[in-house]
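Worksheet: the structure to be examined is printed underneath.
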Amino acid sequence: MSGKIIEMATIKLLPGKTEQDLLRASENFQKDFVNDLKGFISRELVHVKDNEYADIVHWESMEDAKAVLTQEMSSDACMEFFSLMEVDETNPEAGVSHFKSLALYEAKHS
């Protein structure tokens, strides 16, 4: 996976929203939006603490990761997913970071 891009988006649920709400919206987001995106490799939703989560996405390139930003606003599945989260209206990309993978080490099983 060397050279690939890892995107991490921090998520804080809005008051009254539950982990089950997040999981349901995440499934729709994946099925109706993410699966067909150019350069998409994998995605993992993780629990951080209390009402905080992280969405970790692996992309083929930075161009693929950045291209998604222009497509999100026209997707109902994205809007449903994002509607559960605290979002900075003045800077919607706040909380999203990108990292270049330098090396990947995987377990070797005999």
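The values are calculated or read from the model by the stated rules, or taken from the named source; none is laboratory data. Everything numeric here is computed off the predicted structure, so don't read it as measured data. So basically every Cβ, Gly included, is an ideal-geometry build from the backbone, and we count neighbours across all protein chains shown. Each accessible area value is taken on the protein alone, full model and side chains, heavy atoms only, with ligands, DNA and RNA left out. Shrake-Rupley method; radii C 1.70, N 1.55, O 1.52, S 1.80 Å.
Hydrodynamic estimate: the Kirkwood radius of the stretch 60-110 over Cα pairs, inserted into Stokes-Einstein at 20 °C and 1.002 mPa s, corresponds to D of 155 µm²/s.
Only the Cβ atoms of Lys and Arg (+1) and of Asp and Glu (-1) were treated as charged; on that basis the dipole of the chain about its Cα centre amounts to roughly 420 debye.
For the stretch 22-110, the number of Lys pairs with C-alpha atoms closer than 21 Å, counting only pairs eight or more positions apart or on separate chains, is 4. Note on the chain: GNM, Cα springs under 10 Å; of ALA65, ALA77, ALA94, the largest mean-square fluctuation is that of ALA94.
A value for Cα extents along the principal axes in Å was derived from the coordinates, and within the list [x] 41, 41, 23; [y] 71, 30, 24; [z] 45, 32, 25 it appears as [z]. Only protein atoms count toward the accessible area here, which uses a 1.4 Å probe; on the chain, the carbon and sulfur part of that area reaches 51 percent.
Each label point was placed 7 Å from the Cα along the Cα-to-Cβ direction; for ASN35 and THR18 their separation is 2.6 nm.
Axis angle, to the nearest 10 degrees, between helix 19-32 and the longest C-alpha principal axis of the chain: 60 degrees. For the stretch 1-51, the Cα-based Rg and Dmax, in that order, read 12.9, 40 Å.
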